[in-house]
Structure formats: structure tokens, C-alpha cells
Amino acid sequence: MEEDERDALQHRLRILDALCAAHAQRSEVTAVVAASQDADEAAARVMRLLGLDDEQAANAVLDRQVRSFTAQERERVEAVRAEVRAQLEAQ
């Protein structure tokens with residue numbers, strides 16, 4: 001696996017990790033977003049809540065629609081995350 005491909009997979013994994021964390025804390029995520037004055041504040045608050053260090057991951061959480069917090073969607077995201085993690089570990 002080339003370095004660029006590995007970097008892309010690692011970035012994708014960070015976003016998937018953030019989405020899984022957001023699903024696990026969906027009530028808290030919804031509350032901090034609702035209490036924020038604007039999108040920048042919401043992103044910063046989501047980053048703090050979920051312990052993220054990647055603004056793109058926070059924005060990925062903010063870009064999700066409420067319907068994405070269904071159990072079926074959580075399972076799909078977790079499966080993709082496991083697949084990406086396995087690809088990284090195989091190299």
C-alpha cells in the first residue's frame with residue numbers, strides 16, 4: 001500500500017471513528033449543536049465533546065442528518081470502519 005493510500009485510509013478511519021462516537025453520544029451531540037450560536041461554534045463544541053482533533057471529522061458529524069442515527073446506519077458505519085481498519089492493519 002502506498003503512503004498516499006494509507007494516509008487516505010487513516011483519514012477515512014478518523015471520520016468513521018467520529019461518526020461512531022457521535023452515534024454513541026447522539027443526545028449530547030444534538031444538545032451541543034442546538035446550544036451553539038453558529039456552525040463554527042458547533043464544530044468546536046463537537047470536537048471537545050467527542051475528543052476529536054480533526055475539524056473535518058467534526059464537520060462530518062455536523063453534516064449528518066438526524067435519520068443517520070438509526071441502528072441500521074450505525075451498523076453500516078461500524079462495518080465500513082472495521083473494513084478500513086482491517087485494510088490498514090493488513091499493511
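Quick note: the coordinates plus some simple rules give every number you see, no bench work behind them. Since the model is a prediction, treat every value here as computed from it, not as a measurement. Cβ: placed from backbone, ideal geometry, glycine included. Neighbour counts: every protein chain shown.
Can you work out ³J(HN,Hα) from phi for every residue in region 63-76, in order, using Karplus 6.51 cos²θ - 1.76 cosθ + 1.60 and θ = phi - 60°, giving whole Hz and x for Gly and Pro?
Working through the residues one at a time gives 6, 6, 8, 4, 5, 6, 8, 6, 4, 4, 5, 4, 4, 5 Hz.
Cα convex hull of the chain: mean projected area in nm², to one decimal?
Average projection, Cα convex hull of the chain: 5.9 nm².
Calculated from DSSP H runs of 4 or more alone, at -39500 (n - 2.57) each and per residue, what is the 222 nm mean residue ellipticity of the chain, nearest 500?
-25000 deg cm²/dmol
Could you tell me the relative contact order of the chain? Use alpha-carbon pairs under 8 Å, at least six residues apart, and round to a whole percent.
40
Taking the Cβ-Cβ separation of residue 71 and residue 4 as r and a Förster radius of 41 Å, what is the calculated FRET efficiency to the nearest 0.05?
0.75
Take each of the peptides 14-21, 41-48, 28-35, average the number of other beta-carbon atoms within 10 Å over its residues, and list them starting from the highest.
Highest-to-lowest ranking by the protection proxy: 14-21, 41-48, 28-35.
Among 57, 71, 22, which one shows the highest mean-square fluctuation when the chain is modelled as a Gaussian network with alpha-carbon springs under 10 Å?
71
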